[in-house]
Amino acid sequence: MTASQRSRTPESEGMSDPAHVAIIMDGNGRWAKARGLPRVAGHRAGVQALRAAVRAAPDLGIEWLTVYAFSSENWSRPKSEVTDLMGLLKLFIRRDLAELHQNGVRVRVIGDRDGLSSDIRALLEEAEALTCQNRSLNLVIAFNYGGRDEIARAARKIAQAVDAGVIAPEEVTQDAFAEYLDTAGMPDPDLVIRTSGELRLSNFLPWQAAYSEFVFLPCYWPDFSRNELVEAIRTYAGRDRRYGGVPARDVAL
Ligand code: IPE
Ligand code: IPE
Ligand code: MG
């Protein structure tokens, strides 16, 4: 049984569910500042909000949940904050992996692994290997991820494949190219949510979100709960996805 076939809760009843929700978890620093706390306290609270979102997702018909946890541009932050964020990722995997596995969550990580330390790389590989057969939710963690970096790495790989005679230049179509991205085999996000009131993509899934619906929420990420997720899905359900075409109801006009 897939998550979308599971019985729905009253809040999600009758809505056209987004199978893939991607979230830009933004505003941890401002959440902490508003409370007179250090930024790391905001990141810790952000991990709690992530746990809640992962628990809520399957019941809301979400099959894929992609979260932006560390961008390829976040290295420009103070060294101590970068260290804190690396530490929190390690802690999250160490503390939560057993529970994620028990709940049937399949973990996948996108982003440039080569830029990460070997202990983090090993943890990410362990999480992916342990959970690879799970089916109730796909949790995709974008870590050291940047969309332009991903596209450049894919272009490099495809150039090498052309060089090696594995693929001919005229076979480089959109679909073939997508297979060289970190997200190979994944559906595109239906809904992209960004918290904290910022109205930008910040290099998150630029290829994959070409036809996604966007919901921008004013709340800081640590304040994001199941209610905000339900509300975003409700907003999504009211959207008219056209993909450049004309809605079927208007074709005869
Ligand atoms: C998002 O919160 C978490 C990461 C980028 C890792 P921020 O740390 O960007 O919080 P703000 O945007 O400064 O409030
Ligand atoms: C995007 O947020 C990255 C993550 C949420 C991991 P940022 O806080 O880094 O984005 P900008 O700097 O406001 O664009
Ligand atoms: Mg931010």
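The values are calculated or read from the model by the stated rules, or taken from the named source; none is laboratory data. This one's a predicted model, so the numbers in the text were calculated from it and none came from an experiment. Note: ideal-geometry Cβ built from the backbone for every residue, glycine included; neighbour counts use all protein chains shown. The area values use the complete protein model at the heavy-atom level, side chains included, leaving out ligands, DNA and RNA. Shrake-Rupley method; radii C 1.70, N 1.55, O 1.52, S 1.80 Å.
Here is the tail figure for the chain: Cα pairs spaced more than 28 Å apart come to 36 percent of all pairs. Of the three principal axes defined by the Cα atoms of the range 212-253, the extents in descending order read 47, 15, 12 Å.
If R0 equals 41 Å, the separation of the Cβ atoms of V246 and E198 corresponds to a calculated FRET efficiency of about 0.80.
Model label sites at W75 and S225, defined 7 Å from Cα along the beta-carbon direction, differ in position by 3.9 nm.
Each stretch of four or more DSSP H residues adds -39500 (n - 2.57); spread over every residue of the chain, this sum gives -12500 deg cm²/dmol at 222 nm. Here the accessible area of the range 73-203 is 50 percent carbon and sulfur, with a 1.4 angstrom probe and all protein chains present.
Rg then Dmax, both in Å and based on the Cα atoms of the range 126-253: 18.2, 56.
For the range 169-229, the equivalent ellipsoid built from the Cα gyration tensor has semi-axes of 30, 11, 9 Å, listed from largest to smallest. The relative contact order of the chain comes to 27 percent, based on Cα pairs under 8 Å that sit 6 or more residues apart. Compared with the alpha-carbon gap, the fully stretched path from K90 to R113 is longer by 6.9 nm at 0.36 nm per residue.
Scoring 20-26, 58-64, 170-176 by mean Cβ neighbours within 10 Å over their residues and listing the highest first yields 20-26, 58-64, 170-176. The slack in the chain from R234 to R51, taken as 0.36 nm per residue of separation less the alpha-carbon distance, amounts to 63.8 nm. Excluding R95 itself, calculate the net charge of residues whose Cβ lies under 15 Å from the Cβ of R95, where each Lys or Arg counts +1 and each Asp or Glu counts -1. Net charge in that neighbourhood comes out at +2.
The length gained by stretching the chain between L37 and H101 to full extension, at 0.36 nm per residue less their Cα-Cα distance, is 19.8 nm.
In the context of the full set of protein chains, the range 127-188 has a per residue accessible area of 52 Å² (1.4 Å probe). Taking label positions 7 Å along the Cα-Cβ direction at both A122 and T173, the computed distance is 4.3 nm, reported to one decimal. Whole-Hz Karplus values for the range 27-35 come out as x, 4, x, 5, 4, 5, 4, 4, 9 Hz, taken residue by residue from phi with 6.51 cos²θ - 1.76 cosθ + 1.60 and θ = phi - 60°; glycine and proline positions read x.
In terms of packing, defined here as the mean over residues of other Cβ atoms within 10 angstrom, the peptides 116-122, 75-81, 200-206 line up highest first as 200-206, 116-122, 75-81.
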